[in-house]
Amino acid sequence: MVKSGATTGNLARVQTDHEFNIWSPLAAFRPHPKKITTDFLFFFMKSKRFFTAIELGWNFGTQQNIGMNVLENLRMARPPLYEQTTIAAYLDRKTAEIDELIADKKRLLELYDEEKTGIINQAVTGKLKMENGEWRMENEG
């Protein structure tokens, strides 16, 4: 999680068994496997409630900053592991559906932009004309 700067509170999930170092404006969370699943923790940390708690704990200097002492004292819901797994699986499915819908909408907007550009080009080049209140292509009868 980013703890300093304009992107404070942004998250990324890193799944690795390799040892690694992180830069000081970042925080790494390693959940205890008998207490919380990584997927549940990730979704919880993406929640509005968690982000609001982060915002309330910000310190300001030249930029917002959240200290490790604030992060380690934030409260969170912790249902039994089997419920965490069920909740995270549900959220994985639902967010995948939403991501697919967003991708579909982006593709439709790209097609719309291409069509709009084509119509504008036809109008500018005189291939599209207004006749009797209707638009007609130059070669239509």
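So the values come out like this:
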read-out	value
Close pairs (8 angstrom Cβ cut-off, 6 or more residues apart or separate chains): farther than 19 Å from PHE43 by Cβ in region 62-83, basic (Lys, Arg) anywhere	ASN65/LYS3; ILE66/LYS3; GLY67/LYS3; MET68/LYS3
Members of region 121-141 that are assigned to a strand (DSSP E or B) and loosely packed, with under 10 Cβ neighbours inside 10 Å	MET130, GLU131, GLU134
Long-range neighbours under 6 Å by Cβ, at least six apart or interchain, first residue over 11 Å from MET1 (Cα atoms) within region 24-35, second surrounded by 10 or more Cβ atoms within 10 Å (Cβ to Cβ)	PRO31/THR38; PRO31/LEU41
Qualifying residue in region 92-101 (condition: aliphatic (A, V, I, L, M) and surrounded by 14 or more Cβ atoms within 10 Å (Cβ to Cβ))	no
Residue that is nearest to ASN73 (Cα to Cα), among those in region 34-53 that are under 16 Å from the mean Cα position of the chain (by Cα) and among the aromatic types (Phe, Trp, Tyr)	PHE50
Yes/no for ALA53 being loosely packed, with under 15 Cβ neighbours inside 10 Å and not assigned by TED's automatic domain parsing to the domain that holds THR95	no
Long-range neighbours under 7 Å by Cβ, at least six apart or interchain, first residue outside the structural domain of ARG49 (by TED's automatic domain parsing) and closer than 14 Å to GLN64 by Cα within region 1-23, second surrounded by fewer than 10 Cβ atoms within 10 Å (Cβ to Cβ) and modelled with pLDDT of 90 or more	none
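For every residue, the table says whether it meets (1) within 21 Å of ALA28 (Cα to Cα); (2) within 24 Å of the chain's Cα centre (by Cα).
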| site | (1), (2) |
| --- | --- |
| GLU55 | yes, yes |
| GLY61 | no, no |
| GLY67 | yes, yes |
| GLN84 | yes, yes |
| ILE102 | no, yes |
| ASN121 | no, no |
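The values are calculated or read from the model by the stated rules, or taken from the named source; none is laboratory data. Model, not experiment: these values are computed from the prediction. FYI the Cβ positions are ideal-geometry reconstructions off the backbone, even for glycines, and counts take in every protein chain you see.
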